[in-house]
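The values are calculated or read from the model by the stated rules, or taken from the named source; none is laboratory data. All of these numbers come straight from a predicted model, not from anything done at the bench. Quick reminder, even Gly has a Cβ in these numbers, built from the backbone with ideal geometry, and neighbours come from all protein chains shown.
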């Protein structure tokens, strides 16, 4: 019987500081035992439990893409109250941690094929959306999807993550990237405005499209109105939810919304599914 | 045909019978401990309290102990062989002496004298910890080899309401063998194949049951069933609760709840747990580089159960937590497992410090107006 | 008893009629024999549910802090006016909570009831009822007697005096120390010296024996935290037992961890515990918590000449100091 509680050992290959406040870092991890790569076949939108032995575990969305074959990436924000994230931010390349997973339902990529993708991210929540974007932009996959629109905003220019990648995407002609910040600075030449407002401006078509929204609760809340106004149906709007988790496999009883467990039946839910669930999250 | 399998063993022979199995099985029986009854390791010569009503702490602690080590680690490394802890966990249930030595694996459990409601609870937990997606090896490996011998109830208590939940004093769900206390004799009835084989292998201890024995058993069970008079009609509780998330009744139900974990801890079907890492300490307090990942009981009634690191708590007050408990047991689990996660054992009612009675709560929910018209919170 | 019950109902009816309170916290009939249960009333028609009897042992003060949590104390949120039934011990808990700024006195209407003692169900077992084997299905209080009926339809008459909880037989303050109206008789004679005697007897034992007893008792703990939740003084939003940063206590059956939790919680009660017995009654595994609380109360009395919850004016000793405070425990360990 497979033991789902045992973590797979991985080593940190590289750490990238993503933001000006220096509390968001991307960890590049390689598997200690090469064979374990097979155990960790994942899809976009899934998460893993990052395991720090002696400290605890934390569920983090997978930031790398299935096309990245040798390594797995996680972007982790440090919370002062978070024991694991705080300890994680003190690590260096060469240190060993564990991961358990991949868990969760991930984005239904097959259902997205042949459709336009409207990808809306806020702040630090771009991680799994980045996984998805890298996947669809890959030459092996690009032609299976139609137009791709990425709308991403952060509080200030320094807080935008994956800056180099965003620049690359902006230079491509097979993807439309709209970046915005709540507040600019003296060097920022781009858009200034809240994500929901920029969405109204950009006004992507809802015909044959799906919208994927990940961000702080308040951003998501205010993005809902323009999204619905644009004509997106509830079953075409996708969210990735967060919840306090422990086991990650639907056994410890903690992360449920009604009968659905965010670790098992989520974290990706459509708006239609969420409307049917109790409003308790 | 069924009756051919029924056998008799004299009550006074049972102790010797269990004695003979001591080497082969890790036998757990209800035992007097600290003024209450609890499942503990069988000792030769100590009589079984045949008249016991039920244990305070449910026997779920045998397969899902209050704390157990999932695995241990050293200096940041995790050696896969450490997962041998699955079979012989470092923390045995309280009261049962450590039977393992490091080379010998724990013998199979023989749970003797469990009440049918608690056995039924095991079959519910099997659905959760088993299941198609992920299996929990810690619970399952212990449970799979265990032989469960239940003892039918001659005298249900005033807090018993198993009949409201597909149970009865001689319910067979979850047991391998069920026993009936006829006074001088114990009538045994195998239920599963495992139970049949168990009795067959030990045939010399048993005699054929006579017609009179079977009649006596039937009479006892009739009387016993009649004794269960406190119940709630729950035939459509799941459907009623489908529409009940926002009703105003939840504002009242939680009011006297203290938020202690007693109901969930003693409940045979509650299973929520926490996973915590702990480092070993030398005597004297210095931390070592060795540690363990530990699983321990947790409770949805605790205020920090769903607290996020960001400070957000989806269930910030007693109301949401009480609602979660009831909805989980009587609506979400039926949705996911097609079973209500309650067996009517009455422990929560008996032990709640403020006498918050689940039967009352369920009755008010069942009779709460026409759901959609009731004012939302 | 019945008279007092009627008077209580009358008073509460009046309070609602005159719109003096929004909520009343009292007791109503329990669903088990020998039990009453806390009851929160917001509608006048529910006043009939209220009871007063010898099973009303729950300390109702534990429900008060949740009505006055800091987040509700915003400018435009009106604080509720709570009426509450208070026995002697409950009233002292209320005094303690007011002193610690958890409750605004002006929002409370306290109906004080001089208490004649509450029954401890465990004592019925001792009284020869063999309650565990033959269940009690109903009970009736008649003056100074309690008549229980068991499932064999046998009626047994018991003297109420012999069934009173230990915390009640040695109670010093059965008359509430704070109230807006008092209903009932005055102070009754109790064996206050019993509590002191228990501690003195125990203190005479050698250290190893005492420690062994503590270990035996706390090793029963299943970390359900009922003791903490039942205690009106334990209102901390995040208990030290559950903090993760720093992590003070482990969760296993390691005796050190359990001892740390139990001792830690008890010590946090120093100068605050009123010996109401709520923790003892709540504990599902019967840990003898009173051996700790008694000692604490004795020490606080000796070192600081202070008894918790008696007077609103007195400052809790661990919140202040007097220059003549005894210091032997620091200077001469």
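Which residue out of B:264, B:269 is within 30 Å of residue C:242 (Cβ to Cβ) and in a helix (DSSP H, G or I)?
Numbers: B:269 fails: in a helix (DSSP H, G or I).
Criteria check complete, one pass: B:264.
For residues that are in contact with a strand residue (DSSP E or B) (Cβ under 9 Å, 6 or more places away or on another chain) and surrounded by fewer than 22 Cβ atoms within 10 Å (Cβ to Cβ), scanning just the range B:145-169, find the one that is nearest to the other protein chains (Cβ to nearest Cβ).
Within the range B:145-169, the match that is nearest to the other protein chains (Cβ to nearest Cβ) is B:158.
What's the total number of residues in the range B:25-51 that are more than 29 Å from residue B:294 (Cα to Cα), out of contact with any helix residue (DSSP H, G or I) (no Cβ under 9 Å at 6 or more places or on another chain) and either in contact (Cβ under 8 Å) with a residue 24 or more places away in the chain or not assigned by TED's automatic domain parsing to the domain that holds residue B:119 (or both)?
Counting residues in the range B:25-51 that are more than 29 Å from residue B:294 (Cα to Cα), out of contact with any helix residue (DSSP H, G or I) (no Cβ under 9 Å at 6 or more places or on another chain) and either in contact (Cβ under 8 Å) with a residue 24 or more places away in the chain or not assigned by TED's automatic domain parsing to the domain that holds residue B:119 (or both) gives 1.
What's the number of the only condition in (1) away from chain A (no Cβ under 14 Å); (2) within 26 Å of residue A:249 (Cβ to Cβ); (3) at pLDDT below 95 that residue B:103 fails to meet?
(2)
Within the group A:113, A:18, which residue is out of contact with any strand residue (DSSP E or B) (no Cβ under 7 Å at 6 or more places or on another chain) and away from chain B (no Cβ under 14 Å)? Don't jump to the end; show me each part of the working.
Numbers: A:18 fails: out of contact with any strand residue (DSSP E or B) (no Cβ under 7 Å at 6 or more places or on another chain).
Every option except A:113 fails the conditions.
Listed here are the residues, each with its yes/no results for (1) more than 14 Å from residue A:212 (Cα to Cα); (2) in contact with a helix residue (DSSP H, G or I) (Cβ under 6 Å, 6 or more places away or on another chain); (3) more than 14 Å from chain B (Cβ to nearest Cβ); (4) buried (at least 23 other Cβ atoms within 10 Å of the Cβ).
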{"residue": "A:234", "(1), (2), (3), (4)": "no, yes, yes, no"}
{"residue": "A:237", "(1), (2), (3), (4)": "no, yes, yes, yes"}
{"residue": "A:240", "(1), (2), (3), (4)": "no, yes, yes, yes"}
{"residue": "A:247", "(1), (2), (3), (4)": "yes, no, no, yes"}
{"residue": "A:259", "(1), (2), (3), (4)": "yes, yes, no, no"}
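Residues being within 25 Å of residue A:146 (Cβ to Cβ) and in contact with a strand residue (DSSP E or B) (Cβ under 9 Å, 6 or more places away or on another chain): count how many of those fall in the range A:198-226.
Total meeting the criteria: 19.
Just to verify a result, which residue in the range A:261-273, among those that are within 17 Å of the chain's Cα centre (by Cα), buried (at least 22 other Cβ atoms within 10 Å of the Cβ) and outside any loop (DSSP other than H, G, I, E, B), is nearest to the other protein chains (Cβ to nearest Cβ)?
So, considering only residues that are within 17 Å of the chain's Cα centre (by Cα), buried (at least 22 other Cβ atoms within 10 Å of the Cβ) and outside any loop (DSSP other than H, G, I, E, B), the one nearest to the other protein chains (Cβ to nearest Cβ) is A:269.
For the range C:275-305, how many residues are more than 14 Å from every other protein chain (Cβ to nearest Cβ), buried (at least 18 other Cβ atoms within 10 Å of the Cβ) and on the phi < 0 side of the Ramachandran plot?
Taking the range C:275-305 first, the residues more than 14 Å from every other protein chain (Cβ to nearest Cβ) are C:275, C:290-305.
Those left that are additionally buried (at least 18 other Cβ atoms within 10 Å of the Cβ): C:275, C:290, C:292-294, C:296-297, C:300, C:304.
Subset that is on the phi < 0 side of the Ramachandran plot: C:290, C:292-294, C:296-297, C:300, C:304.
Result for the range C:275-305: 8.
Select from the range C:224-238 the residues that are assigned to a loop (DSSP other than H, G, I, E, B) and buried (at least 21 other Cβ atoms within 10 Å of the Cβ) and write down the one among them that is farthest from the other protein chains (Cβ to nearest Cβ).
C:233
Going residue by residue through the range A:116-139, is there one that turns out to be more than 30 Å from residue A:6 (Cβ to Cβ), surrounded by fewer than 17 Cβ atoms within 10 Å (Cβ to Cβ) and touching a residue at least 12 places away in the same chain (Cβ under 8 Å)?
Yes, some residue in the range A:116-139 is more than 30 Å from residue A:6 (Cβ to Cβ), surrounded by fewer than 17 Cβ atoms within 10 Å (Cβ to Cβ) and touching a residue at least 12 places away in the same chain (Cβ under 8 Å).
Say whether the condition of being surrounded by 19 or more Cβ atoms within 10 Å (Cβ to Cβ) and modelled with pLDDT under 95 is met by at least one residue in the range C:68-83.
Yes; the residues of the range C:68-83 include at least one that is surrounded by 19 or more Cβ atoms within 10 Å (Cβ to Cβ) and modelled with pLDDT under 95.
Let me confirm something: among A:172, A:183, A:191, which residue is exposed (fewer than 14 other Cβ atoms within 10 Å of the Cβ) and touching a strand residue (DSSP E or B) at 6+ places or on another chain (Cβ under 9 Å)?
Working: A:172 fails: touching a strand residue (DSSP E or B) at 6+ places or on another chain (Cβ under 9 Å); A:191 fails: exposed (fewer than 14 other Cβ atoms within 10 Å of the Cβ).
Matching residue, one of A:172, A:183, A:191: A:183.
Given the residues A:132, A:126, A:166, which is the only one that is under 17 Å from the mean Cα position of the chain (by Cα), more than 19 Å from residue A:66 (Cβ to Cβ) and assigned to a helix (DSSP H, G or I)? Full working, then the answer.
Numbers: A:132 fails: more than 19 Å from residue A:66 (Cβ to Cβ); A:126 fails: more than 19 Å from residue A:66 (Cβ to Cβ).
Result of the check over A:132, A:126, A:166: A:166.
Does any residue of the range B:280-289 turn out to be in contact (Cβ under 8 Å) with a residue 40 or more places away in the chain, in the same structural domain as residue B:358 (by TED's automatic domain parsing) and closer than 30 Å to residue C:65 by Cβ?
At the first step, the residues of the range B:280-289 found to be in contact (Cβ under 8 Å) with a residue 40 or more places away in the chain are B:289.
Among the residues that remain, those that are also in the same structural domain as residue B:358 (by TED's automatic domain parsing) are: B:289.
Adding the requirement that they be closer than 30 Å to residue C:65 by Cβ leaves none.
Looking for residues that are in contact (Cβ under 8 Å) with a residue 40 or more places away in the chain, in the same structural domain as residue B:358 (by TED's automatic domain parsing) and closer than 30 Å to residue C:65 by Cβ, one finds none in the range B:280-289, hence no.
If the requirement is being assigned by TED's automatic domain parsing to the domain that holds residue B:42, free of Cβ contacts under 8 Å to residues at least 60 places away in the same chain and touching a helix residue (DSSP H, G or I) at 6+ places or on another chain (Cβ under 9 Å), which of these qualifies: B:180, B:206, B:198?
Details: B:206 fails: free of Cβ contacts under 8 Å to residues at least 60 places away in the same chain; B:198 fails: touching a helix residue (DSSP H, G or I) at 6+ places or on another chain (Cβ under 9 Å).
On inspection, the qualifying residue turns out to be B:180.
Check the range A:143-154 and report whether any residue there is closer than 22 Å to residue A:16 by Cα, without any contact (Cβ under 8 Å) to a residue 24 or more places away in the chain and in a helix (DSSP H, G or I). Spell out the reasoning first.
Within the range A:143-154, the subset closer than 22 Å to residue A:16 by Cα is A:152-154.
If we keep only those that are without any contact (Cβ under 8 Å) to a residue 24 or more places away in the chain too, we end up with none.
Looking through the range A:143-154, none of the residues is closer than 22 Å to residue A:16 by Cα, without any contact (Cβ under 8 Å) to a residue 24 or more places away in the chain and in a helix (DSSP H, G or I).
I'd like to check something: does the range B:133-145 contain any residue that is without any contact (Cβ under 8 Å) to a residue 40 or more places away in the chain and within 20 Å of residue B:335 (Cβ to Cβ)?
To start, the set of residues in the range B:133-145 that are without any contact (Cβ under 8 Å) to a residue 40 or more places away in the chain comprises B:133-136, B:140, B:144-145.
Filter once more, keeping what is within 20 Å of residue B:335 (Cβ to Cβ): B:133-134.
Looking for residues that are without any contact (Cβ under 8 Å) to a residue 40 or more places away in the chain and within 20 Å of residue B:335 (Cβ to Cβ), one finds at least one in the range B:133-145, hence yes.
Per-residue answers, yes or no, for (1) part of a helix (DSSP H, G or I); (2) in contact with a helix residue (DSSP H, G or I) (Cβ under 6 Å, 6 or more places away or on another chain); (3) farther than 15 Å from residue B:164 by Cα; (4) within 13 Å of chain A (Cβ to nearest Cβ):
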residue	(1), (2), (3), (4)
B:308	no, no, yes, yes
B:313	no, no, yes, yes
B:332	yes, no, yes, yes
B:353	no, yes, yes, no
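Which one of these is under 20 Å from residue A:255 (Cβ atoms) and outside the structural domain of residue A:16 (by TED's automatic domain parsing): A:81, A:128, A:85? Steps first, please.
Numbers: A:81 fails: outside the structural domain of residue A:16 (by TED's automatic domain parsing); A:85 fails: outside the structural domain of residue A:16 (by TED's automatic domain parsing).
Criteria check complete, one pass: A:128.
Only one of (1) more than 9 Å from chain A (Cβ to nearest Cβ); (2) over 27 Å from residue C:231 (Cα atoms); (3) buried (at least 18 other Cβ atoms within 10 Å of the Cβ) is not met by residue B:299, so which one is it?
(2)
In the list C:134, C:177, C:148, C:167, which residue meets the criterion of being assigned to a strand (DSSP E or B) and either under 24 Å from residue C:96 (Cα atoms) or in contact with a strand residue (DSSP E or B) (Cβ under 7 Å, 6 or more places away or on another chain) (or both)? Working first, answer last.
Working: C:134 fails: assigned to a strand (DSSP E or B); C:177 fails: assigned to a strand (DSSP E or B); C:167 fails: assigned to a strand (DSSP E or B).
None of the other options fit; the residue is C:148.
Any residue at all in the range C:212-233 that's in the same structural domain as residue C:98 (by TED's automatic domain parsing), within 23 Å of residue C:114 (Cβ to Cβ) and at pLDDT below 90?
No, there is no match, as no residue in the range C:212-233 is in the same structural domain as residue C:98 (by TED's automatic domain parsing), within 23 Å of residue C:114 (Cβ to Cβ) and at pLDDT below 90.
Only one residue in C:304, C:260 is in the same structural domain as residue C:92 (by TED's automatic domain parsing), over 22 Å from the mean Cα position of the chain (by Cα) and touching a residue at least 24 places away in the same chain (Cβ under 8 Å), so which one is that? Give the steps one after another, and end with the answer.
Working: C:260 fails: touching a residue at least 24 places away in the same chain (Cβ under 8 Å).
Result of the check over C:304, C:260: C:304.
Among B:286, B:307, B:266, B:358, which is out of contact with any strand residue (DSSP E or B) (no Cβ under 9 Å at 6 or more places or on another chain), modelled with pLDDT of 95 or more and closer than 30 Å to residue A:54 by Cα?
Details: B:286 fails: modelled with pLDDT of 95 or more; B:307 fails: modelled with pLDDT of 95 or more; B:358 fails: closer than 30 Å to residue A:54 by Cα.
Within the list B:286, B:307, B:266, B:358, the selection yields B:266.
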